[in-house]
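The values are calculated or read from the model by the stated rules, or taken from the named source; none is laboratory data. Predicted model, so just to flag it, every value in this text is computed and none were measured. We place every Cβ from the backbone using ideal geometry, glycine too, and count neighbours over all the protein chains shown. Surface areas here come from the heavy atoms of the whole protein model, side chains and all, with no ligands, DNA or RNA. Shrake-Rupley method; radii C 1.70, N 1.55, O 1.52, S 1.80 Å.
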Amino acid sequence: MSAHVEIEDLSRRFGETEALSGVDLRVERGERLVVLGPSGCGKTTLLRAVAGLEAVDRGEIRLRGERVSAPGLRVDPARRGIGFVFQDLALWPNMRVARQLDFAAGRRLASAERAALLERFRLAGLERRRPAELSGGEQQRLALARALVAGPDLLLLDEPLAALDVATAEELRGVLRAIARERELTIIDVTHRQEEAFELADRIAVMRAGRLEQVASPEDILDRPANAFVARFVSRAAMLDGTAAEGAFRCALGAIPIPAGVTLPEHPRLAVRESRLEFRPGADGAARARVTDRAFLGETWRVEVDCDGARLRARCAVAPEIGVEGGLEFRGTPWFVSGGGEA
Amino acid sequence: MKRARLLVAIPAIAVLGAVVAPLVWAGVGALRGDVGSRWARLNGVILDRMVNSFVLGIGCALVSTLFGLALVWAVHRREFFGRRLLGAIYVAPLLVPPHIHTVSWMRVFGRQGYLSNWLHDHWGWQFDIRRGFVDVGGAPVFFPGTMMIMVSAFWPLAALVISAGFRQIAPRQEEAAIVAVGRRRAFRGVTLPLLAPHLWTAGFFVFIFAITCYGVPALLDTPTIMLEVFFTSANVDPLAAWVIAIPLVATTVAALLFVLLGGGRRVWEGRSLDPGRVTSAMRPRSATAGILAWGILLVTAGWPLASLLHKAGGPETYRAIWNNVLPQVKASLILAVVAGITIAAAGLLVAGFANALGRRRGFLVEVLALLPFAFPAVVVALSLNEMWGSLSALRPDGLLDRWVYRGMGLPLIAYLALFLPFGVRGVRATMTRLSPRPEEAAMVAGRGSLATFTSVTLPRLAPGILAAFVLGYILTLGELVAGLMVNTDRWQTAQARVFNMIHFSRDEEVAALCVMIALLALVPTAIYAVAFNRRVEVL
């Protein structure tokens with residue numbers, strides 16, 4: 001059985017810029033895939049190509065097994081059975097809420113149907129309002145309702161939550177998850193925000209400069225990044241150089257045991273996330289470090305430390321003074337990435 | 001700061017005064033003296049003429065808006081051969097003044113035109129472009145030939161306004177509709193409603209131009225109100241002409257107020273936000289759209305120019321008239337350059353003054369600057385003659401008499417009054433699109449108002465100021481009525497000469513002079529388009 005979305009060797013150029021370069025991707029039915037990457041990496045172009053809003057120079061896109069995009073072929077967006085939520089929402093300023101839904105549905109909704117939809121997206125009572133008269137959260141919910149009103153089985157989200165405050169964004173992610181479960185909806189969401197990716201995704205695809213760097217589950221992306229870029233971008237991990245000998249990796253953090261079965265890449269580097277490092281002021285540890293900066297995260301402290309010349313981020317249970325020395329401990333399973341050819 | 005404001009305010013108020021005062025002067029004058037006989041002229045005949053003008057204006061506005069929409073839609077939302085070139089040159093018909101459009105169309109559809117003769121020879125049809133239809137009370141009220149020629153001259157105005165509308169629509173809003181319901185319904189449900197204020201404004205603009213046009217109806221003997229006003233002004237009493245122009249002025253002022261205060265306000269105020277990029281997916285390839293768009297331009301601009309070139313014949317015609325028309329061509333060129341500079345400078349002053357006053361009061365200033373736009377050129381010219389004639393009579397052969405009333409001053413003030421709106425818009429449109437942050441940064445850095453203006457503001461406004469100059473130059477070069485009414489012999493314009501030559505039936509020479517004027521209009525436009533990679537935009 002074919003996947004819901006299949007992308008093969010997809011490339012797209014804008015003048016001298018290669019926005020997409022040989023992208024291969026499969027998204028299964030009902031899966032929630034989040035495409036994560038820095039600004040300008042090509043993730044929006046990828047999404048727009050899936051929607052048929054962008055032509056492709058090479059490769060092809062298949063939806064439900066049917067070829068919809070290839071060089072010289074572009075099935076009309078309206079015939080792809082998709083819902084699309086734009087980054088700036090693109091609500092139609094000339095239409096009231098009810099009319100936006102009717103228009104997107106391509107018919108006049110029955111009152112009961114419309115009422116249910118408005119209720120579902122907490123827009124009841126706002127039918128007569130225009131987009132400019134809605135709050136940011138209401139506009140987001142309307143954009144989502146509009147994208148889903150025609151009953152698509154594939155929802156494409158282009159960073160629609162980027163401009164929202166934390167609480168509203170969290171609420172909307174909850175709505176999205178619930179709807180995805182109810183309707184067995186396939187979702188492709190592009191974002192540059194890690195927390196959104198982890199909260200929503202079954203799988204995450206990390207992009208850089210038009211290429212996919214890694215496609216994996218959130219746990220794998222976090223714990224087993226494919227390379228230094230993924231580790232740095234997703235979890236702001238530090239890369240520590242060292243040497244492997246006698247079953248241990250010797251670096252600024254001391255000798256880190258290499259787990260059984262782990263094969264080290266060429267020029268191995270230890271990927272160190274801040275949540276894996278614990279700093280204890282005044283105490284001893286595997287390594288000594290000095291605090292250079294600190295920030296309160298709510299329940300714990302994040303500290304920046306200097307450890308034998310390496311600048312690392314670590315967690316600390318108490319408020320450390322700037323300049324204080326203490327012990328640094330690495331916790332959890334170590335993960336090594338190749339240091340060769342890193343940009 | 002205060003002194004800087006005064007430096008802008010005083011000349012700006014002087015400009016507004018120079019433009020508005022003559023209209024008030026003549027209006028008040030019309031209410032004094034032989035008031036009874038003047039008002040008696042406002043009779044049934046005038047109202048009949050008004051109906052003809054109204055029908056002409058409405059028809060012209062509808063068809064021009066349709067043409068403008070079709071062409072601009074093709075340029076903005078379809079891909080075809082030469083799309084970019086077409087987008088840059090579609091204003092070309094504006095380079096040919098309406099009365100010259102008339103001359104060229106008469107060569108095809110006039111009583112002795114190519115096609116009229118052919119129709120008569122082959123089908124026995126007696127075709128005449130001047131003919132009127134739909135009799136009401138024994139007189140025709142619909143003149144399709146006149147309307148068609150006006151459409152061919154004025155539709156680019158509609159296209160300019162609609163094009164501004166397309167540039168303001170966020171492409172993502174259309175894409176959202178395309179994804180949901182497909183292209184056709186997206187166009188009907190989203191694009192058209194979002195364009196509605198621009199469509200209305202375009203229609204009203206063309207309506208004002210058509211209803212106040214003198215050259216086309218004069219050459220085709222179409223009984224419009226403008227002909228009555230001109231005739232009365234020239235042969236009876238200028239102030240009586242002011243009175244019979246009242247229904248016309250009331251209509252055009254109402255149309256202008258709709259544009260400024262009604263639905264068109266959104267258009268007029270413009271938007272500073274970048275709505276986003278139009279992607280290739282939004283521009284599917286369409287040969288039909290290309291044929292339609294190029295067809296509109298070639299028929300309305302290509303045809304008149306080709307017909308004039310053909311009629312003028314070889315270089316010998318140009319050589320033959322060169323010495324005869326040189327004084328008028330020189331006068332036109334000097335007037336157009338000086339008027340272009342004056343209009344751009346006055347536009348900058350008034351726009352700067354309006355900006356300094358804030359949103360609401362600034363808008364009122366702009367309304368005041370645009371008001372003469374609603375007055376037909378005949379009324380503006382006769383008002384100027386009345387006021388400056390009276391003032392110069394106070395001291396015959398004084399400065400006012402020599403430099404203004406009998407010199408270059410009066411035609412310049414006339415062109416300023418007629419075309420200041422374009423100067424103000426050219427600059428204001430650029431002003432509203434610019435972020436004020438660079439100016440604020442210069443102020444914070446301790447630069448004074450003058451240094452900030454000359455080093456930061458002026459360079460950023462340069463495209464708008466140049467657009468105002470080019471528009472002022474082109475419009476002055478093509479202007480007919482003020483040239484006929486206020487210019488002294490020393491400053492007789494080439495257009496006035498063309499108009500006189502038409503009546504002596506020297507077709508080749510008329511055509512050659514028209515080609516020369518079109519070339520004079522084309523050169524700065526082409527330089528501007530190439531140097532700034534853009535069209536002359538007023539919105």
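From the list B:30, B:18, B:61, the one residue that fits, being in contact with a Phe, Trp or Tyr (Cβ under 8 Å, 6 or more places away or on another chain) and at pLDDT below 90, is B:30. Number of residues in the stretch A:194-207 that are closer than 19 Å to residue A:22 by Cβ and modelled with pLDDT under 95 equals 0. Take the residues in the stretch B:192-204 that are open to solvent by less than 10 Å² (accessible area, probe 1.4 Å) and of a type in the set (A, V, I, L, M, F, W, C), then tell me which one is farthest from the other protein chains (Cβ to nearest Cβ). By that ranking, first place goes to B:202. Within the set A:329, A:304, A:274, the sole residue that is under 25 Å from the mean Cα position of the chain (by Cα) and crowded, with 16+ Cβ neighbours inside 10 Å turns out to be A:274. Out of curiosity, is residue B:141 touching a strand residue (DSSP E or B) at 6+ places or on another chain (Cβ under 8 Å), in contact (Cβ under 8 Å) with a residue 12 or more places away in the chain and away from chain A (no Cβ under 12 Å)? The answer is yes for residue B:141.
When the stretch A:80-104 is examined, which residues are found to be more than 8 Å from chain B (Cβ to nearest Cβ), part of a helix (DSSP H, G or I) and either under 32 Å from the mean Cα position of the chain (by Cα) or among the aliphatic types (A, V, I, L, M) (or both)? Listed by number, the residues that qualify are A:97, A:98, A:100, A:101, A:102.
Only residues that are surrounded by fewer than 16 Cβ atoms within 10 Å (Cβ to Cβ) and outside any helix (DSSP H, G or I) were counted across the stretch B:15-41, and they come to 4.
Regarding the stretch B:99-112, can at least one residue be identified that is open to solvent by 70 Å² or more (accessible area, probe 1.4 Å) and aromatic (Phe, Trp, Tyr)?
No, the stretch B:99-112 has no match at all.
Take residue B:12 and decide whether it is assigned to a helix (DSSP H, G or I) and surrounded by 17 or more Cβ atoms within 10 Å (Cβ to Cβ). Yes. In the set (1) in contact with a Gly (Cβ under 6 Å, 6 or more places away or on another chain); (2) open to solvent by 40 Å² or more (accessible area, probe 1.4 Å), the condition left unmet by residue B:133 is number (1). Scanning the stretch A:50-62 for residues that are facing chain B (nearest Cβ under 9 Å) and in a helix (DSSP H, G or I) yields one hit, A:51.
Mind checking whether some residue in the stretch B:358-367 is open to solvent by less than 50 Å² (accessible area, probe 1.4 Å) and within 28 Å of residue B:226 (Cβ to Cβ)?
Yes, because at least one residue in the stretch B:358-367 is open to solvent by less than 50 Å² (accessible area, probe 1.4 Å) and within 28 Å of residue B:226 (Cβ to Cβ).
For the stretch A:140-148, the count of residues that are part of a strand (DSSP E or B) and within 22 Å of the chain's Cα centre (by Cα) is zero. In the stretch A:105-127, the condition of being within 13 Å of chain B (Cβ to nearest Cβ), assigned to a loop (DSSP other than H, G, I, E, B), among the small types (Gly, Ala, Ser) and over 24 Å from the mean Cα position of the chain (by Cα) is met by at least one residue.
Go through B:182, B:189 for me and flag whichever is open to solvent by less than 20 Å² (accessible area, probe 1.4 Å), in contact with a Gly (Cβ under 9 Å, 6 or more places away or on another chain) and facing chain A (nearest Cβ under 10 Å).
Just a single option satisfies the conditions, and that option is B:182.
Are any of the residues in the stretch A:162-184 within 14 Å of chain B (Cβ to nearest Cβ) and crowded, with 17+ Cβ neighbours inside 10 Å? Checked the stretch A:162-184: no residue is within 14 Å of chain B (Cβ to nearest Cβ) and crowded, with 17+ Cβ neighbours inside 10 Å. For residue B:175, the criteria (1) surrounded by fewer than 24 Cβ atoms within 10 Å (Cβ to Cβ); (2) of a type outside the set (A, V, I, L, M); (3) within 13 Å of chain A (Cβ to nearest Cβ) hold in every case but one, which is (1). Within the stretch B:47-98, the set of residues being farther than 14 Å from residue B:289 by Cα, of a type outside the set (A, V, I, L, M) and open to solvent by 50 Å² or more (accessible area, probe 1.4 Å) comprises B:48, B:49, B:54.
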